[in-house]
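A.B. asks: For reference, the structure I am asking about is given below.
Throughout, read-outs are computed from the coordinates displayed, never taken from laboratory work. This one's a predicted model, so the numbers in the text were calculated from it and none came from an experiment. Using ideal geometry, Cβ is built from the backbone for each residue, glycine included, and neighbour counts are taken over all protein chains shown.
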Amino acid sequence: MKQDILKTFHDRLQKRLRGARRIAVVGIGDELLPIDRLGMIAARKIEKVHIPGIRVFLAGTMPESITGPLREFHPEHVLLIDAADMGALPGTVAIIQPGRIRASLFSTHALPLSAVMEFIKKDIKTNVTLIGIQPETVMEGMDLSEREHAAIRDLLVNLARIFGGNSTEKP
């Protein structure tokens with residue numbers, strides 16, 4: 001079952017990124033809140049692997065703060081990564097449609113992500129995709145759960161496959 005979900009996610013992500021050579025990955029969230037840190041942690045892991053064509057931006061709880069640096073980078077696609085309560089199993093990674101954002105994301109952000117996505121799309125004239133990672137909501141402490149580790153590793157492997165990068169670094 002998990003393999004089917006991963007294949008579907010991989011296929012959808014690959015279709016969205018088709019033809020793009022300059023990708024901006026934007027990590028979103030509050031690293032001090034276990035329920036909201038997964039976007040930032042995933043972005044840091046992606047940055048460590050150095051996938052060709054991908055540049056990482058760390059936005060924290062203010063994704064609107066990176067629009068200037070994004071504009072300077074001129075990405076062909078922007079991937080926003082954030083923790084999302086999708087009502088799914090912890091560690092589920094999914095593309096979140098703009099209409100589902102309000103109900104899906106933990107609201108630690110200064111502006112709604114739908115507004116940030118629309119601004120990026122119009123101002124930078126590029127496509128934007130929001131990737132949500134379902135956190136382990138019952139965990140306490142700062143360690144990632146096994147499912148959260150697996151989700152980040154799966155996302156990293158998917159990006160590396162799509163861009164032909166090296167995913168041997170352990171997330």
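A.B. asks: For Ile124, what is the net charge nearby, where nearby means another residue's Cβ is under 12 Å from its Cβ and Lys, Arg count +1, Asp, Glu -1?
C.D. replies: Computed value for this residue: +1.
A.B. asks: Here's another thing I want to ask about it. Excluding same-chain residues fewer than 8 positions from Lys45, which aspartates and glutamates have a Cα within less than 12 Å of its Cα?
C.D. replies: Asp154, Glu169
A.B. asks: So, one more: Mind ranking 113-121, 151-159 by how tightly packed they are, going by the mean number of other C-beta atoms within 10 angstrom, highest first?
C.D. replies: Packing order, densest peptide first, comes out as 151-159, 113-121.
A.B. asks: Could you pull out every residue, at least 5 positions away or on a different chain, whose amide H is within less than 5 Å of the one on Val25? Hs are placed 1.01 Å off N in the peptide plane, and Pro or chain starts have none.
C.D. replies: Those qualifying (amide H under 5 Å, at least 5 residues apart or on another chain) are Arg55, Val56, Phe57, Leu79.
A.B. asks: Which aspartates and glutamates have a Cα lying under 13 Å from the Cα of Lys125, excluding residues fewer than 8 positions away in the same chain?
C.D. replies: Glu72, Glu76
A.B. asks: Something else about it: Under 14 Å from the Cβ of Thr61, count the other residues' Cβ atoms, weight Lys and Arg +1, Asp and Glu -1, and hand me the total.
C.D. replies: -4
A.B. asks: Sorting check: for 80-91, 38-49, 57-68, which peptide has the highest mean count of neighbouring beta carbons within 10 Å, and how do the rest follow?
C.D. replies: For the peptides 80-91, 38-49, 57-68, the packing ranking is 38-49, 80-91, 57-68.
A.B. asks: Let me ask you something else. With Cβ to Cβ distances under 11 Å as the rule, what net charge do the other residues near Glu31 carry (K, R +1; D, E -1)?
C.D. replies: Combined, the nearby Lys, Arg, Asp and Glu give 0.
A.B. asks: If you don't mind, there's one more thing I want to ask. Show the residues, 5+ positions off or on another chain, whose built amide H is closer than 5 Å to the amide H of Gly60.
C.D. replies: Answer set, sorted by chain and number: Gly29.
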